[in-house]
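Below is one structure, written out as structure tokens; the observations come after it.
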Amino acid sequence: MNLEKHLPLTETTYYILLSLLEAGHGYAVMQRAEELSGGRVRIAAGTMYGAIENLLKQKLITSVPSKDPRRKMYRTTEEGAHVLQMEVQRLKHMIEIYHMIQGDE
Amino acid sequence: MRKFKLFWDFDAEEKYLNDMASKGYILKKYSMFGFYHFELSQPQKLNYKIDYRVFNDREEFENYIALFEDAGWKHVSGTKRSGVQYFLPMNEKAGTDIFSNRASAAMRYKTFYDICMVNFICFVFNLTVILLTTNGNLSNLTFLTPGLWEMTGKDFWSAFFFELPFVILRVLPLIAFAAAGVLYFYWGTKAKKLYNLRISEEKSN
């Protein structure tokens, strides 16, 4: 499967995939994303729900059994984790090339 | 109080509800086809937010509402199949909006457009089926009493009024399907235009 097509990730998607390496429900993801980004990325409820729906469709996350009957739990799939890795490689390269040209490293 | 109003622009609808609340009319319920039920209360400043989603199962609908509640938004009106979902902030966790980027706010218009087009196709299909049953002869839908138009006086009127309800029953669905089809197509085009507009705003930013 061609995972390249998912790149580059939006900041929202990046933090969702990262947060869901450990299973969690929608609101937990909103909290983790805010925490991980140092309070910078605040995903609102409607945006969060739409993003979950998309990622489920793209099979980058999957629904896992939940103890709470009202709240579904999700987890990043293997494909999702792979896309995340590819994105990190891409970002790493962008940063390295910056430092090379600026010559400050 | 009940008000009839049709919206295809969610931003305009939010503004309408906020304006009504500032006059003391609080949305109690939105029922299908543009009927808003308001309750008279204190004039207040409210911040209605509207999402557009249709759910296939109850469980998913509950999960959706739970996510909004967790994030500080109270679901005030909307059903599993209603599409429009109305929210009000219930604490400071909610912030000012249910969308944190323009693209996801614009997606509402895309979803609405898709649903309008599905409905449009359904109604056109129904219309076609009805028309096909007439074997291409539209007069099969009107009066069928043999020799009706040659009758005169009392005979004519009794035959006419006897068949009239059947004619109405045959023609009415046709008109209703055609009207619904046209309406959904019109709404769909409006929603699509707004979607394109919002997306182009997003790109120029």
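Things to note:
- Mean residue ellipticity (222 nm) of chain B, computed from DSSP H runs ≥ 4 via -39,500 (n - 2.57), nearest 500: -19000 deg cm²/dmol
- Restriction of the trypsin sites (Lys or Arg not before Pro) in the stretch B:40-129 to DSSP coil positions whose beta-carbon has at most 11 other beta-carbons within 10 angstrom yields B:45, B:81.
- Listed by chain and number, the lysines whose C-alpha is less than 23 Å from the C-alpha of residue B:3, apart from same-chain residues fewer than 8 away, are B:15, B:23, B:28, B:29, B:45, B:49, B:74, B:80, B:190.
- Each other residue within a Cβ distance under 11 Å of residue B:78 adds +1 if Lys or Arg and -1 if Asp or Glu, for a net charge of +3.
- The per residue volume of the convex hull around the alpha-carbon atoms of the stretch B:1-104 is 103 Å³.
- For the stretch A:15-67 versus the stretch B:129-144, the inter-centroid distance based on Cα atoms is 55 Å.
- HN-Hα J in Hz across the stretch A:56-61 - Karplus 6.51, -1.76, 1.60, θ = phi - 60°, x for Gly and Pro: 5, 4, 7, 6, 8, 10
- ³J(HN,Hα) computed for each position of the stretch B:47-57 - Karplus, 6.51 cos²θ - 1.76 cosθ + 1.60, integer Hz, glycine/proline x: 10, 6, 10, 10, 10, 10, 8, 10, 10, 8, 10
- Pair-distance profile P(r), taking every C-alpha pair of the protein assembly as shown, with 20 angstrom steps and integer %: 25, 44, 22, 7, 1, 0
- Estimated translational D of chain B in µm²/s (Stokes, Kirkwood radius over Cα pairs; 10 °C; 1.306 mPa s): 78 µm²/s
- Partners for residue A:5 among lysines (Cα-Cα distance below 25 Å; same-chain residues under 8 apart left out): A:57, A:59, A:92, B:110, B:203
- The alpha carbon radius of gyration of chain A, expressed as a multiple of 2.2 N^0.38 Å, is 1.18.
- Electrostatic bookkeeping for residue B:38 treats Lys and Arg as +1 and Asp and Glu as -1; over the other residues with beta carbon under 12 Å from its beta carbon, the sum is +4.
- Sorting the Cα pairs of the stretch B:102-203 by distance into bins of 5 Å, from 0 upward, gives 2, 12, 15, 13, 11, 10, 9, 7, 6, 5, 4, 3, 2, 1, 0 percent per bin.
Every number here is computed from the coordinates shown, using simple stated rules; none is lab data. These figures come from a predicted structure and were not determined experimentally. Quick reminder, even Gly has a Cβ in these numbers, built from the backbone with ideal geometry, and neighbours come from all protein chains shown.
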